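Participant: Below you will find the structure I want to go over with you.
Coordinate-derived values only; no laboratory data. None of these values were measured; they are calculated from a predicted model. Don't worry about glycine lacking a Cβ; one is built from the backbone with ideal geometry, like all the others, and counts go over all protein chains shown.
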Amino acid sequence: MTDSQVFTVVCDIDGSSHTFQCGSGQTVLAAAEAAGVALPSSCCSGVCTTCAAVVTEGTVHQPDAMGVKAELQQQGYALLCVSFPRSDLKLRAGQEDALYEAQFGQYQK
């Protein structure tokens, strides 16, 4: 795989759908911003969960996603600020609350 691969991302957030291109060497968040798609973000280093999304189709590489447990990554959760596409993607952005509940909800009861 070369860095010149370009993938199509279909991103749903707050009832709107946005489609944009993302290179394999570019984060999904950076590609969204370049396409004029405003997605939630904060730390941009994979620690907080402001940019959390659920990948419903496709795969991402996110080695720096410290804010998401490995088992939740396997369930499709991704931090878009550190996620590099490895295929065309369909995702639901704005999933910070859902991710928080999945990771820590059992401790809040």
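Participant: When a footprinting reagent is the concern and you count Cβ atoms within 10 Å, what order do Cys44, Cys11 take, fewest first? Please list the in-between numbers first.
Facilitator: Values: Cys44 16, Cys11 24.
Lowest count first: Cys44, Cys11.
Participant: Just want the ordering: Thr50, Thr19, Thr59, from fewest to most Cβ atoms lying within 10 Å of their own Cβ. Walk me through the numbers on the way to the answer.
Facilitator: On the way: Thr50 18, Thr19 11, Thr59 15.
With the sparsest Cβ surroundings first, the list reads Thr19, Thr59, Thr50.
Participant: Right, here's the next one. With a sphere of radius 13 Å drawn around the Cβ of Leu79, what net charge do the other residues whose Cβ falls strictly inside it have (Lys, Arg +1; Asp, Glu -1)?
Facilitator: Charge balance near Leu79 sits at -1.
Participant: Could you list which residues have their amide H under 5 Å from that of His61, counting only those 5 or more apart in sequence or on another chain, with H placed in the peptide plane?
Facilitator: The list, which skips near neighbours in sequence, is Phe84, Arg86.
Participant: Turning to a different aspect of this structure: How big is the charge dipole of the chain about its Cα centre, in debye rounded to the nearest 20, if each Lys and Arg gets +1 on its Cβ and each Asp and Glu gets -1 on its Cβ? Walk me through the numbers on the way to the answer.
Facilitator: Details: 5 positive and 11 negative charges, 30 e Å.
Roughly 140 debye, rounded to the nearest 20.
Participant: Provide the convex hull volume over Cα atoms per residue for the stretch 1-98, in Å³.
Facilitator: Working: hull volume 8.4 nm³, N = 98.
It is 86 Å³ per residue.
Participant: So, one more: Run lengths n ≥ 4 of DSSP H only: what is the helix-derived mean residue ellipticity at 222 nm for the chain, with -39500 (n - 2.57) per run over all residues, to the nearest 500? Could you put the intermediate results ahead of the total?
Facilitator: On the way: 3 runs with 21 residues, N = 109.
Dividing the helical sum by the residues of the chain leaves -5000 deg cm²/dmol.
Participant: Let me ask something else about it. Can you figure out the FRET efficiency of Val6 with Cys44, using R₀ = 30 Å and their beta-carbon distance, to the nearest 0.05? Provide the component values of the computation, followed by the final result.
Facilitator: Values: r = 22 Å, r/R0 = 0.73.
With a Förster radius of 30 Å, E is 0.85.
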